[in-house]
Amino acid sequence: MPNLGVNIDHIATIRQARYREDPENPNTEPDPVAAALAAEKAGAKGITAHLRDDRRHIQDRDIVRLRESVVTKFNLEMGVTEEIVRIALEILPDDVCLVPENRREVTTEGGLDCCSRQELLRPAVARLRGRGIRVSLFIDPDAEQVESAAELAADFVELHTGAYANAIGAEQDRELQRLHSAARLAVERGLRVNAGHGLNYLNTPPILALAGLEELNIGHSIVSRAVAVGLGQAVREMCAIIDKS
């Protein structure tokens with residue numbers, strides 16, 4: 001049965017809407033670390049946070065406190081820049097997920113192009129794995145990208161489910177089949193499989209049948225649901241969906 005990893009970036013987004021000019025003030029709210037602990041208490045098996053180059057939501061202080069506080073698994077989403085790689089090597093999260101970054105995007109859109117960025121990715125993957133950090137590559141469900149991730153000696157691929165989440169009808173069925181094909185190939189190549197992006201309480205169940213699926217990383221939908229029912233209940237409801245698999 002896959003585990004649920006909760007992405008808390010949107011908790012920090014709410015905080016930064018008011019406290020952007022004072023990110024190190026310990027009295028700011030809501031606190032992403034408190035949210036992470038509440039998610040764990042409600043059944044989440046991991047916490048994800050994305051330290052972006054422009055620090056638009058999660059801040060450096062959050063990452064330090066999360067590493068100190070998370071008791072399940074801490075997954076750091078990150079772009080492949082020397083600064084962020086260095087921070088990861090200092091903080092030592094359990095996992096990192098390497099993603100593309102675009103300053104104009106609201107959230108990560110599209111997978112990492114492992115095929116054309118091998119020269120950049122290979123040393124970063126080796127440095128991170130050399131310190132005992134498991135490395136995941138956030139990729140579109142494409143055979144060439146899966147093959148490239150295997151060549152880079154990544155531990156995981158996280159399959160980008162955004163196209164599936166945004167599609168409707170027959171197109172969504174086609175996107176689901178792409179995900180199934182990519183997951184099967186990943187398992188054949190010795191890669192472990194996670195998935196995420198755009199998943200919610202309605203479109204998650206079909207994803208649970210992906211070959212080798214170990215973890216779903218979900219953020220926006222859970223935080224949105226928490227506005228109505230509280231974070232603990234929102235996490236428990238998503239865990240219940242996964243448990244039915």
Quick calc, region 124-216, dipole around Cα centre from Cβ unit charges on Lys, Arg (+) and Asp, Glu (-), nearest 20 debye, gives 380
Dipole of region 74-243 [Lys/Arg +1, Asp/Glu -1 at C-beta], most positive-end residue of Leu92, Ala143, Val125 | Leu92
So Arg129 and Arg18, fully extended at 0.36 nm per residue minus their Cα-Cα distance, gain in nm 36.2 nm
In a shell of Cβ-Cβ distance under 12 Å around Leu76, excluding Leu76 itself, what net charge do Lys and Arg (+1) and Asp and Glu (-1) give?
-> -3
Does region 163-236 classify as rounded, prolate or oblate by the C-alpha gyration tensor (a ≥ b ≥ c root eigenvalues; a/c under 1.5 gives rounded; else a/b over b/c gives prolate, otherwise oblate)?
-> oblate
Determine, for each peptide in 146-155, 126-135, 214-223, the mean count of other beta carbons within 10 angstrom over its residues, then list the peptides with the highest first.
-> 214-223, 146-155, 126-135
3J(HN,Hα) from dihedral phi, region 165-172, Karplus parametrisation 6.51/-1.76/1.60, rounded to Hz, x for glycine, proline = 5, 8, 7, 9, x, 5, 5, 5
How long is the gain from Ser181 to Ala153 if the chain were fully straight, where each residue apart is worth 0.36 nm and the alpha carbon distance is subtracted?
-> 8.1 nm
Give me the net charge of Ile133's neighbourhood, meaning all other residues with Cβ under 10 Å from the Cβ of Ile133; Lys, Arg count +1, Asp, Glu -1.
-> +1
Express in nm, to one decimal, how much length is gained between Ser245 and Gln233 on full extension, taking 0.36 nm for each residue of separation and deducting their alpha carbon distance.
-> 2.4 nm
Bins of 5 Å from zero: percent of alpha-carbon pairs in the chain = 1, 7, 15, 18, 21, 18, 12, 6, 2, 0
The ³J(HN,Hα) series, computed from each phi in region 53-62 with the Karplus coefficients 6.51, -1.76 and 1.60 at θ = phi - 60°, rounded to the nearest Hz and given as x for glycine or proline, is 4, 8, 6, 6, 9, 5, 10, 4, 4, 4
Out of His10, Met238, Ala167 - ranked by how far each Cα lies towards the positive end of the dipole of the chain, with unit charges on the beta-carbon of charged residues - the top one is Met238
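Here, each number is a calculation from the coordinates, and none is a lab measurement. Bear in mind the structure is a predicted one, so any value in this text is a computation, not a measurement. So basically every Cβ, Gly included, is an ideal-geometry build from the backbone, and we count neighbours across all protein chains shown.
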